[in-house]
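A short worksheet on the structure shown next.
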Amino acid sequence: MNDAAHDLHAPHFIGIGGAGMSGLAKILAVRGAKVSGSDSKESETVLALRALGAEVAVGHAAENVPAGTSSIVVSSAIRADNPELAAARERGIPVVHRSDALAALMGGRRALAVAGTHGKTTTTSMLAVSLGELGLDPSYAIGGDLDAPGSNAHHGTGDIFVAEADESDRSFHKYAPEVAIVLNVELDHHANYASIEEIYESFETFVGRIVPGGTLVVSADHAGARELTSRVAGRAGLNVVTVGSAEDADVRVLSVAARGMTSEVTVLIDGAELAFTVSVPGRHYAHNAVAALAAGTALGVPAADLAKALGSYTGVRRRLQLKGEAGGVQVIDSYAHHPTEMSADLEAIREAAGSGRVLVVFQPHLFSRTQQLAEEMGQALALADASVVLDIYPAREDPIPGVTSELIIDAARRAGADTAAEHAFAAAPALLAGMAKPGDLVLTMGAGDVTNLGPEILGQLADVAPGA
């Protein structure tokens with residue numbers, strides 16, 4: 001097969017197990033491409049790709065690139081000195097960025113792209129699930145798994161393609177959506193953006209990619225999103241629909257009522273009130289659902305049908321995902337790593353905890369983000385009853401002198417938080433289990449491997465439970 005200007009009939013993915021890369025590899029494999037790739041370690045995602053026929057090597061080496069490879073697909077996380085990338089260049093194999101591959105896959109479909117500093121994965125997932133529930137069978141590519149390894153992408157028979165649009169490296173400039181969502185606009189990704197003005201300019205470029213006659217769905221509540229709206233207002237051929245609690249919102253959130261781990265949402269849309277259930281807790285996720293509702297209706301899906309279908313969404317892995325309960329303590333996993341996300345998830349869990357305490361083990365993600373936002377991260381942790389902060393998860397970055405998790409701990413303590421450091425990752429499960437009491441909620445929080453601590457904490461809780 002051949003997609004657009006890029007030959008993707010036999011692609012090789014460097015870092016194929018990543019959230020964004022694995023989804024594209026899955027869709028291409030289902031479409032009949034001869035997919036190969038490599039990743040740093042074995043994982044459930046790698047196993048799921050092999051089950052689809054992909055040839056995946058563990059580790060990076062020049063010999064991993066098969067003969068007959070038509071293109072090399074990379075993300076911004078792949079370093080220039082990667083041996084497979086070097087081998088591809090020596091052999092004259094075209095190198096395709098992940099965003100270009102995704103844009104090619106969207107070709108010929110009605111594209112709906114979800115952008116914003118926070119909430120992209122959840123909102124994209126809500127649309128994928130609800131549109132599927134209505135029998136529209138959309139294709140989708142999401143930055144997280146819905147319910148099982150490999151469920152972050154799907155090749156559908158319908159004409160809609162829902163995709164998460166990543167602003168971190170400006171790659172969302174490659175897409176040409178019929179409908180685009182902008183949930184919020186904040187300064188993040190400090191290695192790529194020097195100022196909020198650069199962020200605004202980047203989002204303006206993204207909005208400019210919406211096809212003529214298409215629709216921008218944008219938050220009416222978020223200051224950065226309102227600024228973006230003012231900048232793009234009046235553009236020819238662009239329909240703008242604002243959503244939120246603000247009185248001037250086109251689709252207005254009238255109420256969000258907490259019901260344990262769910263919410264009842266009432267909105268005013270097209271002059272009529274509409275109530276529906278969101279099966280994840282917190283105002284943050286309720287507003288994501290309303291943005292999804294507005295975007296789906298912009299594609300012509302009846303609002304009442306879509307609202308009902310949104311109730312079938314039960315969450316995505318790592319987005320306030322209940323990992324289990326032991327000793328009367330629930331353990332929940334959160335991908336939140338930016339202060340706004342951290343605060344939103346902690347406020348949602350606070351509502352769900354009732355009289356129980358909220359205990360957090362937080363793993364900062366990236367040295368650059370910690371350097372810029374340590375104060376705000378610490379303030380967010382003050383929303384918990386107690387927290388433990390691990391060392392920084394570096395991901396793709398090299399250390400920055402003087403930047404450690406102590407910056408966050410100091411800020412948290414200044415904000416009145418009960419916070420402690422734990423430098424030994426393996427010691428964290430026993431520490432959290434020892435802190436927790438029946439009725440408490442334990443939150444593993446961060447974008448790194450802190451997610452792996454949930455099952456271990458549950459195991460420790462089971463060991464110390466009465467009668468265990």
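Any chance you could run the full-extension gain for residue 204 through residue 63? It's 0.36 nm times the residue separation minus the Cα-Cα distance, nm to one decimal. Let's see the in-between values first.
Values: separation 141, 0.36 × 141 = 50.76 nm, distance 4.21 nm.
So the chain would gain 46.6 nm between residue 204 and residue 63.
The GluC sites (Glu not before Pro) of the range 1-73 that DSSP puts in a loop, and whose beta carbon has at most 14 other beta carbons within 10 Å, are 42. Restricting the calculation to Cα atoms, the range 30-162 yields a radius of gyration followed by a Dmax of 16.0, 48 Å. Relative to the 2.2 N^0.38 Å rule of thumb, the range 41-86 has a C-alpha radius of gyration ratio of 1.22. Our note on the geometry: Cα centres of the range 153-169 and the range 352-370, 29 Å apart. Over the range 1-100, all Cα pairs binned in 5 Å intervals from 0 give whole-percent P(r) values of 3, 15, 29, 28, 19, 6, 0, listed from short to long. When shorter helices are ignored and each DSSP H run of at least 4 residues is given -39500 (n - 2.57), the per-residue value for the chain at 222 nm works out to -10500 deg cm²/dmol.
For the chain, a Kirkwood radius taken over Cα pairs fed into Stokes-Einstein (10 °C, viscosity 1.306 mPa s) yields D = 69 µm²/s. How about the range 352-428: which trypsin sites (Lys or Arg not before Pro) there lie in a loop by DSSP and see at most 16 other Cβ atoms within 10 Å? Here the sparse-neighbourhood loop sites are 396. In the structure shown, the pairs 120/174; 120/437; 174/308; 41/174 are assessed against 23 Å; a Cα-Cα span above that value is assigned to 120/437; 174/308; 41/174.
From the mean inverse distance of alpha carbon pairs (Kirkwood) and the Cα radius of gyration, derive Rg over Rh for the range 177-224.
Rg divided by Rh gives 1.00.
With all protein chains in place and a 1.4 Å probe, the accessible surface of the chain carries 50 percent carbon and sulfur. Of the trypsin sites (Lys or Arg not before Pro) found in the range 7-54, those that fall in a DSSP loop while having at most 14 other beta-carbon atoms within 10 Å are 41.
Taken as Cα centroids, the range 265-279 and the range 64-137 sit 34 Å apart, rounded to the nearest whole angstrom. The charge dipole of the range 55-214, taken about its Cα centre with unit charges on the Cβ of Lys, Arg, Asp and Glu (plus for the first two, minus for the last two), comes to roughly 380 debye.
Taking the Cα centre of the range 1-145 as the origin, how large is its charge dipole in debye, to the nearest 20, when only Lys and Arg (+1) and Asp and Glu (-1) carry charge on their Cβ atoms? Can you show the working numbers first?
On the way: 12 positive and 14 negative charges, 55 e Å.
Here the range 1-145 has a charge dipole of around 260 debye.
How large is log10 I(q)/I(0) at q = 0.10 Å⁻¹ when the Debye formula is applied to the Cα atoms of the range 219-323, each weighted equally and without solvent? So the normalised log intensities are -0.29. Cross-link partners of residue 323 among aspartates and glutamates, defined as those whose alpha carbon lies under 13 angstrom from its own and excluding same-chain residues fewer than eight positions apart: 147, 333, 456. Its Cα gyration tensor gives the range 342-457 an equivalent ellipsoid. The semi-axes, each the square root of 5 times an eigenvalue, are 22, 16, 12 Å from largest down. Taking the charge dipole of the chain about its Cα centre, with +1 at Lys and Arg Cβ atoms and -1 at Asp and Glu Cβ atoms, the residue from 140, 434, 200 reaching farthest to the positive side is 140.
The values are calculated or read from the model by the stated rules, or taken from the named source; none is laboratory data. Note that the structure is predicted; figures quoted are calculated from it, not measured. Note that we place each Cβ from the backbone using ideal geometry, even for glycine, and neighbour counts take in every protein chain shown. Surface areas here come from the heavy atoms of the whole protein model, side chains and all, with no ligands, DNA or RNA. Shrake-Rupley method; radii C 1.70, N 1.55, O 1.52, S 1.80 Å.
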